Structures are given as structure tokens and as C-alpha cells.
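Here is the structure we will look at, set down as C-alpha cells.
The values are calculated or read from the model by the stated rules, or taken from the named source; none is laboratory data. Predicted, not measured: the structure shown is a model, and the values here were computed from it. Heads up, the Cβs are rebuilt from the backbone with ideal geometry, glycines too, and the neighbour counts pull from every protein chain shown. Ligands, DNA and RNA are stripped out before the accessible areas are found, and what is left, the full protein with its side chains, is counted by its heavy atoms. Shrake-Rupley method; radii C 1.70, N 1.55, O 1.52, S 1.80 Å.
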Amino acid sequence: VGLQMLLRIETIHNKGILHRDIKPDNFVMEEILGNSLFLLDFGLSIKENVEQKPIFTGSLRYASRNNHDGKKYTRKDDMESILYIILYFMRGNLPWQRVINDVGS
């Protein structure tokens, strides 16, 4: 599943699009076509070279450190979010999950 996530994000990055809301809820598995994984919800997506205000986007739990720090969003941030999802799948939680839940997100 992790490899398929990386392949999906590579496809949209190759088209010059940043997703900016990578989280488990935005991936769906379809079994009829051979367990194909689809990436959904492009509502926060932007073209890569568009001028951006440094604002937080996406889901708090899976957001990159640069996103939390208000830095310009790049391909690396989408990739970091995928790595956090994979870590979540492996552990069942994220090290910072309790802190985020305590502040209401």
C-alpha cells in the first residue's frame, strides 16, 4: 500500500500538482481492478509554481514539519505526509498523536 501511495503522489507531482492534504482518508482501495489504490480530494491542491502564502494546509496529524512551521509547501511535504501514514499503519498510532488529540484536532 505504501508503494502505491508513493506511485500515486509521483504521478500528480509529475503533472506539477501539490496535493497538500495527504491522509489515510484520501486514499481508497478498489478490489475489482486488482487492489488499485486511488488518491482523492484535490480541494487543497495547487499547481507547484503558483505563488503561495505560507499558511497551514491539510490535516494536523499527518502534516509535515515545514507545513507546521508555515513554510512554503513543496513536493517533500506530500512525501513526508505519506511517510507519516506508513508509520501510522505500522504502529497503530503516531508519537505525537496524543498531543494533537489533547488540543482538539
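A few comments on the model shown:
- Length released on extending from LEU40 to LEU60, taking residue separation times 0.36 nm less the Cα-Cα span: 5.4 nm
- Whole-number percent relative contact order across segment 1-60, with pairs defined as alpha carbons under 8 Å at least 6 apart: 37
- Taking 0.36 nm per residue of sequence separation and removing the Cα-Cα distance, the GLU30/GLN52 pair yields an extension gain of 4.5 nm.
- Close amide H contacts of PHE27 (hydrogens built in the peptide plane, cut-off under 5 Å, sequence separation of 5 or more or a different chain): LEU40.
- Surface composition of the chain: carbon plus sulfur atoms hold 56% of the accessible area, using a 1.4 angstrom probe and ignoring ligands, DNA and RNA.
- Förster-model FRET efficiency, 25 Å R0, LEU94 and ASN14, C-beta, rounded to 0.05: 0.30
- Contact order normalised by residue count of the chain, Cα under 8 Å, 6+ apart, percent: 28
- Taking all protein chains as they are arranged and a probe of 1.4 Å, the heavy atoms of THR74 leave approximately 60 Å² accessible to solvent.
- The accessible-area ordering, largest first, of the residues MET29, MET90 stands as MET90, MET29, per a 1.4 angstrom probe.
- Listed candidates (1) 69, 34, 19; (2) 40, 35, 19; (3) 36, 27, 23 - label of the one calculated as Cα extents along the principal axes in Å: (2)
- What segment 1-66 shows is 61 Å² of accessible area per residue, with the surface traced by a 1.4 Å probe over protein heavy atoms.
- Qualifying GluC sites (Glu not before Pro) for segment 21-75 [loop in DSSP, other Cβ within 10 Å: at most 13]: GLU31, GLU51
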